[in-house]
Amino acid sequence: MFASARILVAALMLMSLVSRSHAFQEAAPADWEVEIKKMLTDYETAFNAKDVEKIGQMWLKDANYHDRIAGVKFTGREELTANFKKTFETIPGIRLRLDVTSVTRLKDDLVTAEGTVTMYVPDQDPTYNTMTAIFVKDEGKWVIASAEEVAPAGPPTASEALSQLDWLLGEWAADLDSEQTAGRQLEASRLTTTYRYSPTKTFLIRSFALTTQDKDEPIVQGTQIIGWDPRASQIRSWTFSSDGAFGEAFWAKTGEEWMIKTTTTLADGGAASGTYVMTRLTTDQITLSLIGQSVNGQPLPQADPITLTRQPIESAEATEK
């Protein structure tokens with residue numbers, strides 16, 4: 001990750017502060033809120049236009065930025081402006097997702113903000129960091145006085161990380177038509193899947209099976225192990241199928257959806273990849289969509305989403321084990 005790219009986070013995380021801040025949504029904005037909103041709108045326009053000089057003017061002359069992840073600091077408008085220019089030249093495709101968690105007015109001319117930022121750089125995995133920033137009023141206008149970026153605090157235990165998926169515990173089932181059986185050329189079939197914890201709750205274990213109406217034995221079945229990767233600070237999974245295929249995936253939560261990016265070695269030695277989108281519709285119903293699927297480098301048409309329904313009988317046993 002480019003250290004200079006992180007400078008963008010310090011200011012850009014504040015662009016959506018007014019629209020995302022709960023405090024700004026509940027009542028008519030005060031004068032200082034209106035002024036900050038205008039400043040952020042101007043900043044966003046300048047950034048999208050790659051107007052480095054205008055962006056620099058939105059920082060205090062002796063502003064400072066501290067990247068605690070890379071262990072570097074930038075001080076002063078000139079140094080910041082130089083790094084903005086370098087960043088735009090080096091990674092012109094950079095983009096961010098900004099989520100402000102709080103904004104506080106400490107004095108008439110002093111405002112603090114905290115939030116999280118997801119940074120997207122072409123051909124790299126997204127990064128998720130925590131940001132704090134300070135606004136001051138300088139010569140009648142709001143500017144950024146300082147900003148700091150730190151790595152997000154990870155859950156202290158694997159079980160705490162996996163608790164985000166507690167709602168999956170139990171048995172789920174879906175009736176599939178022939179177009180939803182992932183190219184297995186089967187007639188209508190039934191997918192059943194069960195989630196339970198390992199004895200120490202450090203892993204979530206998923207068992208799955210695909211059966212057809214005319215056969216008692218599963219056509220294919222397998223096991224998936226879901227765990228917490230403390231080095232990557234991300235949920236990962238490893239899947240093993242009875243036909244000899246195996247694969248791994250990285251999980252990321254976006255709103256009410258889970259994005260599960262998979263890579264698979266097929267039983268015949270081929271390679272497959274794709275992204276599952278798992279959405280919790282209700283307590284007892286989820287949808288699973290496979291997008292961007294390819295086999296041996298050849299893209300495949302997107303299949304219709306699968307709807308899984310919680311099964312009432314076996315759920316309690318799966319949860320207790």
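For the range 43-85, what does the alpha-carbon gyration tensor say about shape, rounded, prolate or oblate, given a ≥ b ≥ c as the root eigenvalues, a/c under 1.5 as rounded, and a/b over b/c as prolate?
In terms of gyration-tensor shape, prolate.
For a quick check: sort ILE306, ILE235 by the number of other beta carbons within 10 angstrom, fewest at the front.
Fewest-to-most Cβ neighbours within 10 Å comes out as ILE306, ILE235.
Tell me, in nm to one decimal, what length is gained between ALA49 and THR116 on full extension, where the rule is 0.36 nm per residue of separation less the Cα-Cα distance?
Difference between extended and current length: 21.7 nm.
Evaluate 2.2 N^0.38 Å with N set to the residue count of the range 158-320, then give the Cα radius of gyration divided by it.
Its radius of gyration relative to the 2.2 N^0.38 Å reference: 1.01.
Applying a 10 Å radius around every beta-carbon, put 251-259, 201-209 in order of their mean neighbour count, most first.
201-209, 251-259
Taking square-rooted eigenvalues a ≥ b ≥ c of the alpha carbon gyration tensor, is the range 53-150 rounded, prolate or oblate, where a/c under 1.5 means rounded and, failing that, a/b exceeding b/c means prolate?
It is oblate, given that a/c is not under 1.5 and a/b is not larger than b/c.
Would you mind ranking LEU169, LEU162 so that the residue whose beta carbon has the fewest other beta carbons within 10 Å leads the list?
Fewest-to-most Cβ neighbours within 10 Å comes out as LEU169, LEU162.
Please list, ordered by chain and number, the residues whose modelled amide H lies under 5 Å from the amide H of LEU300; skip anything fewer than 5 residues away on the same chain.
Under 5 Å from the amide H of LEU300 lie the amide H atoms of GLN293, SER294, VAL295, each far enough along the sequence or on another chain.
What nm value, rounded to one decimal, do you get for the distance between ALA267 and ASP214 when each label is placed 7 Å out toward the C-beta?
Label at ALA267, label at ASP214, 1.9 nm between them.
Every number in this text was worked out from the coordinates using simple rules, so none of it is lab data. Everything numeric in this text was worked out from a predicted model, so none of it was measured. Neighbour counts run over all protein chains shown; Cβ positions are idealised from the backbone, glycine included.
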